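One structure is given below, encoded as structure tokens.
Quick note: the coordinates plus some simple rules give every number you see, no bench work behind them. The shown structure was predicted, so the numbers you read here are calculated from the model rather than taken from an experiment.
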Amino acid sequence: MRKSWTVINTNNMKAIILARESDKNQDSNDAQLSRILDYVKGKGLEEWKVIKLKESSTKGYRTKFQENIEVIKKSKETIAVVVDTVDRLQRSFRESVIFDEL
């Protein structure tokens, strides 16, 4: 079965900018933010909220991450979540289901 895609006009769409590091061997949040902000500007997105997390995606409960998911769920408008790489956002199938629903 072929999945159909909806084209969304990103001009003036709000963007949550998410940078996450879980250990010292990864790019710093600031390095990630620099790349993400360049991308957001190029796509015409509105920088709405910048989130810097220092949480592991595999160890324990991700408190700050979950708080921001709730912000997105409560929004009545489309919000782009922009990350440097997909592993900064999710690590497991469980999170895929959450984002698919959003």
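How much length would be gained if the chain were fully extended between Thr63 and Gln90, taking 0.36 nm per residue of separation minus their Cα-Cα distance, in nm to one decimal?
8.3 nm
What's the extension gain from Tyr39 to Lys74 if we count 0.36 nm per residue and subtract their Cα-Cα distance?
That works out to 10.1 nm of additional length.
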